[in-house]
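Chemist: Before we start, here is the structure in question, set down as structure tokens.
The values are calculated or read from the model by the stated rules, or taken from the named source; none is laboratory data. This one's a predicted model, so the numbers in the text were calculated from it and none came from an experiment. Cβ placement follows ideal geometry from the backbone for every residue including glycine, while neighbour counts extend to all protein chains displayed. These area figures cover heavy atoms from the full protein model, side chains too; ligands, DNA and RNA do not enter into them. Shrake-Rupley method; radii C 1.70, N 1.55, O 1.52, S 1.80 Å.
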Amino acid sequence: MTTRVQQLRGVPDAPPPAPVPLRPPRRRRSKLLVLLGVVLSAVSAAGIVWIFRATDDAVAAVGVARPVRYGETITAEALREVQVRPDPGVRPLPWERRFDVVGRTSSTDFQPGEIVTPDAVSDSATVPSAGQQLIGVPVKPGQLPAAPLQPRQPILLVPAGSEAWPPVRGAVISVSERDATSTQVVDVVVPEANGVQLASRASAGGVAIVVLPKGR
């Protein structure tokens, strides 16, 4: 037996429902997370500024106001306050400790504008050191250059008269003012083996001074 299903009259065929498009879920930022990010950024920026300022702050240190030669006594008038920024390679002496160096002996030459470090001074100049002798060489114009001699300047002591002897290396320690006869005494350190003989020759005016470049 055949069964026929008849459509109801007046009822049109209904089309299938259209598919509903699926939208991806929206990611909503949490206001709390945004606020936290802003706070962390502000704190980081403030920290960077603080570190920069902390490392950029200058400190009061002991500076040089007037020239001080090697072996001279440091006076309060030769010092002044300077502002320096921290540097791993420099150890400036704090200004409040300036009296630690007043009255002590300079271990180097100081020029205005430089800073004083703790190892640049000593209780006394170690002159002469082991293996050296300190002698005074009286000289007149013509027995040394006209240019002023500097402390620690390397020199050669050579014959100034008819006697011939090998030149001797030495170094200047200090130079006196000229006296009424235009003579000045140059204190020099020389090897211990040459000290006695050179002092004898110098006392007779038989020693002249030749200046050598520093570092030689």
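Chemist: In the stretch 146-166, which residue that is surrounded by 11 or more Cβ atoms within 10 Å (Cβ to Cβ) and at pLDDT 90 or above is farthest from Val186 (Cα to Cα)?
Modeler: Within the stretch 146-166, the first condition is being surrounded by 11 or more Cβ atoms within 10 Å (Cβ to Cβ), and the residues that meet it are 149-161, 165.
Remaining after also requiring at pLDDT 90 or above: 154-160, 165.
On the way: Pro154: 13, Ile155: 11, Leu156: 13, Leu157: 11, Val158: 14, Pro159: 16, Ala160: 15, Trp165: 20 Å.
So, considering only residues that are surrounded by 11 or more Cβ atoms within 10 Å (Cβ to Cβ) and at pLDDT 90 or above, the one farthest from Val186 (Cα to Cα) is Trp165.
Chemist: Right, something else. Being surrounded by 12 or more Cβ atoms within 10 Å (Cβ to Cβ) and of a type in the set (S, T, N, Q) is the filter here; which residues of the stretch 84-112 pass it?
Modeler: Listed by number, the residues that qualify are Thr105, Ser106, Ser107, Thr108.
Chemist: Residues Ala130, Ala180, Ala193: which one is open to solvent by 80 Å² or more (accessible area, probe 1.4 Å) and closer than 20 Å to Gly71 by Cα? Give the steps one after another, and end with the answer.
Modeler: Values: Ala180 fails: closer than 20 Å to Gly71 by Cα; Ala193 fails: closer than 20 Å to Gly71 by Cα.
The conditions single out Ala130.
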